[in-house]
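The values are calculated or read from the model by the stated rules, or taken from the named source; none is laboratory data. As the structure is a computational prediction, the values presented were derived from the model and not from experiment. FYI the Cβ positions are ideal-geometry reconstructions off the backbone, even for glycines, and counts take in every protein chain you see.
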Amino acid sequence: MPKKASHTDRRRIALAVLSADRLGRPRARLGNPNTGIPEVIVQPLYDIYFVAPGTAYPLLVLFSVPQNQTYNFGGVTAFSKGLGHTNLVQAAMLESSYTYVVRALSLYVQGQQGTAHPAVHREDLENLLGSYMTFQINRKSYFEGIGAWLPGGGGAFYAGFGTLTAPVSSATATNGWPESRNVYPLPGGQFINPQETFAFVINPTLNALSAGGTGAPTTLAAAGNPTGVPAAGIGAWIRLDGTLIRVAQ
């Protein structure tokens, strides 16, 4: 019966076929190894919901349009999304090897970004906050309800009036006290693992309208609400607050 090769013999055979330039160098047993050291940072994930004045609120799946792609919804002039709009670089998914723990949700609302009068009108804010919203990971829902249950966690706050000349006036509306801890918590957190998809859906088409039908409300027209105070539509940011686990460079 032939003698079975020992572990030492097998190692000698392996060394015999190893080229000289590979001696003493570590070799991975698996392809495409990730040899980086993981780091954990506090970093929100965020995306936008913008609607122009005099436009029906659209049903929109947030986090599906990443940076450098075109936002062309809600009647706004089309633009390329940047860091002021979202920090996702691929649609509905984290970067390779990244993991995220969602610990809270928040919704910040103002008028359209960059307009001369970006204060949101109360009517537009309340129509948005009364709309159905849901947060999903791999199509499983971890929040369902209306936007009014998601406080802003920050933003503008205004109290009091100065001397005004009619018909000019100014006011600011917010959804909840603008304080960093005023968010909707997810106790224990929810993990978004590598290659898992996630989304935040805003669906105003489920609203019940005063005429007895159903459908999305419309933002106020740009002029005359009231006279001298233009409406600026909706500029909203959904924020997933939590911790990002990534590979340190």
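Things worth noting here:
- Where Glu123 falls short, out of the listed (1) surrounded by fewer than 17 Cβ atoms within 10 Å (Cβ to Cβ); (2) in a loop (DSSP other than H, G, I, E, B); (3) on the phi < 0 side of the Ramachandran plot: (2)
- Residues that are assigned to a strand (DSSP E or B) and not hydroxyl-bearing (Ser, Thr, Tyr), drawn from the stretch 66-119: Phe79, Met93, Val101, Val102, Arg103, Ala104, Leu105, Leu107, Val109, Gln110
- Looking across Val247, Val201, Val229, one residue alone is assigned to a strand (DSSP E or B) and surrounded by 16 or more Cβ atoms within 10 Å (Cβ to Cβ). It is Val201.
- Phe73 meets all of the listed conditions (1) modelled with pLDDT under 60; (2) under 30 Å from Met133 (Cα atoms); (3) of a type in the set (A, V, I, L, M, F, W, C) but one, namely (1).
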